[in-house]
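No lab work stands behind these numbers, since they all come straight from the coordinates. Treat the numbers as computed from the prediction; the structure is a model and nothing was measured. A quick note on method: Cβ atoms are made from the backbone with ideal geometry, for glycine too, and the neighbour counts reach across all protein chains shown.
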């Protein structure tokens, strides 16, 4: 078994472990956020970690009423700006904990009065040394270059923080239930493996979702780009209507992630429009009514609350990225031109 596939399979156990490991650290951070009357959150991240930050933005705004902005690290690293951050929480996310620009953003934010926290898989890394608080992913060493278990564990960490801030212990327990649902989701592996050949010659396409799963669209497109060298673009279904839909050609691959929940109607509407345009629709859902619109339906075997569904719905994308890379003759563990740690300023 390759590193990437092994790490995809490890995700349910990682999330299950995390649900019990970091409760105290999340509770301590939540207490300081309340004590300091924090009224703004900034999240600094790159790549896969930035997609996790988008998930965190939805969680913390919807469930905790805290406005969240995605930081532009270059505001500090290139332009030496100064911000009023006395009542802000700044979260730096980096799986390796060594992202140079994210670390500098945390350092500058701390100087300007912010409460800072690192979310990382690496204890003792630069981010942990800079931040006031650290929330660890507890994913174990990730050997695959394309992040899988560190992505879902980062989502789980952000969910744990949101749940701790809400004071609702039942939400924390639902993370354990989610881990079991992730195990059930692995049952679709043979289905994904069997359909990879269909997309051997795919050069581009779109991945579309909405709401909590906007991050899933972005991360799925990144996984396919990293391992299969396919020019995929991830979109919110709402944004896709504002121009990009005009570029869809007949038989072009359009992947839709459609879990039940408040965003479901918008994704289903998009599925109808793409079906009418003759696009090749690959729809991942537990719901039969939208699967009927698919050229290639992928039936999810289990449901969870919409806010936890990104932990499940990224798994078909990860599996497709792995098996499609093999189908194309590529090594998914060692994508060309990529390193495990990427340093940017």
Taking Cα atoms, the helix 309-327 axis meets the longest principal axis of the chain at an angle in degrees (rounded to 10) of 60 degrees
What is the helix-to-structure angle for 149-166, meaning the angle in degrees between its Cα long axis and the longest Cα principal axis of the chain, kept from 0 to 90 and rounded to the nearest 10? 50 degrees
Viscosity 1.002 mPa s, temperature 20 °C, Stokes-Einstein D of region 187-327 from Kirkwood C-alpha radius, µm²/s: 147 µm²/s
With the alpha-carbon atoms as the only input, what is the per residue convex hull volume for region 3-183 in Å³? 97 Å³
The chain, relative contact order [Cα under 8 Å, separation at least 6], %: 20 percent
Would you mind checking the tilt of helix 214-228 against the longest principal axis of the Cα atoms of the chain, expressed as 0 to 90 degrees and rounded to 10? 70 degrees
Computed [θ] at 222 nm, deg cm²/dmol, the chain (DSSP H ≥ 4; -39,500 (n - 2.57); rounded to nearest 500): -15000 deg cm²/dmol
Using Cβ contacts closer than 10 Å as the measure, can you line up 185, 295 from fewest to most? 295, 185
Cα pairs beyond 23 Å in region 20-116, in percent, come to 22 percent
I need to check one value: relative contact order of region 187-327, counting alpha carbon pairs closer than 8 Å and at least 6 residues apart, in percent. 30 percent
Let me know the shape class of the chain, please: from the alpha-carbon gyration tensor, a ≥ b ≥ c as square roots of the eigenvalues, rounded when a/c is under 1.5, otherwise prolate if a/b is greater than b/c, or oblate. prolate
